[in-house]
């Protein structure tokens with residue numbers, strides 16, 4: 001009797017846990033069933049907290065110079081709050097030089113105009129020394145730093161003893177600026193349909209919660225079978 005009473009209480013509480021999971025499963029399944037009807041595949045999530053949870057915005061860097069702004073968010077270049085091109089490599093330095101942005105990655109230097117078009121590129125094939133640590137200016141000449149040595153970009157020669165006089169760009173990693181960049185590029189990332197599907201499939205929820213839900217359903221089934229047959233056995237004449 002005590003065993004049956006304990007299992008009944010246990011069955012009830014496990015059923016409560018399982019019902020919450022089933023409610024989420026049924027709700028998201030219903031939304032997915034009518035996704036095209038409600039155009040969930042065309043609605044993009046722009047909440048920075050949700051997008052950060054998906055790992056969007058992990059790579060972010062920004063530069064501001066001469067009333068010009070350049071940001072890179074997950075390969076996407078944003079110039080003056082306008083998404084332009086995508087760059088395969090991460091930017092580690094950028095300077096606004098002669099009305100164009102000159103950006104440096106570990107292995108390349110690119111000249112980009114205000115519309116995002118790449119005008120020129122230099123790499124190791126052009127005798128550029130790598131890795132490129134940062135790019136800046138000295139006496140109105142474009143220079144870059146590699147392995148603690150400063151080189152001019154024009155003639156690729158080493159410049160001696162000018163570290164203190166070189167103007168290096170300041171890197172900005174402001175959280176508000178990052179969230180703004182996420183909003184500007186949110187149409188490139190996550191749709192409501194995809195987010196609902198991920199919740200439905202248990203992709204976005206911690207694995208421990210999925211394990212608890214699965215174990216709860218197993219226990220619920222087994223305890224229900226036990227109570228059913230114990231009751232039938234007791235009611236026999």
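The values are calculated or read from the model by the stated rules, or taken from the named source; none is laboratory data. Predicted model only: the values in this text are computed from it and were never measured. As a convention, Cβ positions derive from the backbone with ideal geometry for all residues, glycine included, and neighbour counts pool all protein chains shown.
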If residue 92 meets every condition in (1) within 30 Å of residue 114 (Cα to Cα); (2) surrounded by 15 or more Cβ atoms within 10 Å (Cβ to Cβ); (3) at pLDDT below 90 apart from one, which number is that one? (3)
The lone condition residue 85 fails out of (1) under 18 Å from residue 179 (Cβ atoms); (2) surrounded by 14 or more Cβ atoms within 10 Å (Cβ to Cβ) is (1)
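What do you reckon, is residue 144 at pLDDT 90 or above, surrounded by 18 or more Cβ atoms within 10 Å (Cβ to Cβ) and touching a strand residue (DSSP E or B) at 6+ places or on another chain (Cβ under 7 Å)?
Numbers: at pLDDT 90 or above: yes; surrounded by 18 or more Cβ atoms within 10 Å (Cβ to Cβ): yes; touching a strand residue (DSSP E or B) at 6+ places or on another chain (Cβ under 7 Å): yes.
Yes.
Being more than 29 Å from residue 190 (Cβ to Cβ) and under 25 Å from the mean Cα position of the chain (by Cα) narrows it down to one of 59, 108, so name that one.
Working: 59 fails: more than 29 Å from residue 190 (Cβ to Cβ).
After applying the criteria, what remains is 108.
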Residues (touching a strand residue (DSSP E or B) at 6+ places or on another chain (Cβ under 9 Å) and over 18 Å from residue 83 (Cα atoms)) located in region 176-196: 191, 192
Applying the selection to region 18-66, what residues are in contact with a strand residue (DSSP E or B) (Cβ under 9 Å, 6 or more places away or on another chain), in a loop (DSSP other than H, G, I, E, B) and surrounded by fewer than 16 Cβ atoms within 10 Å (Cβ to Cβ)? 41, 42, 43, 59, 66
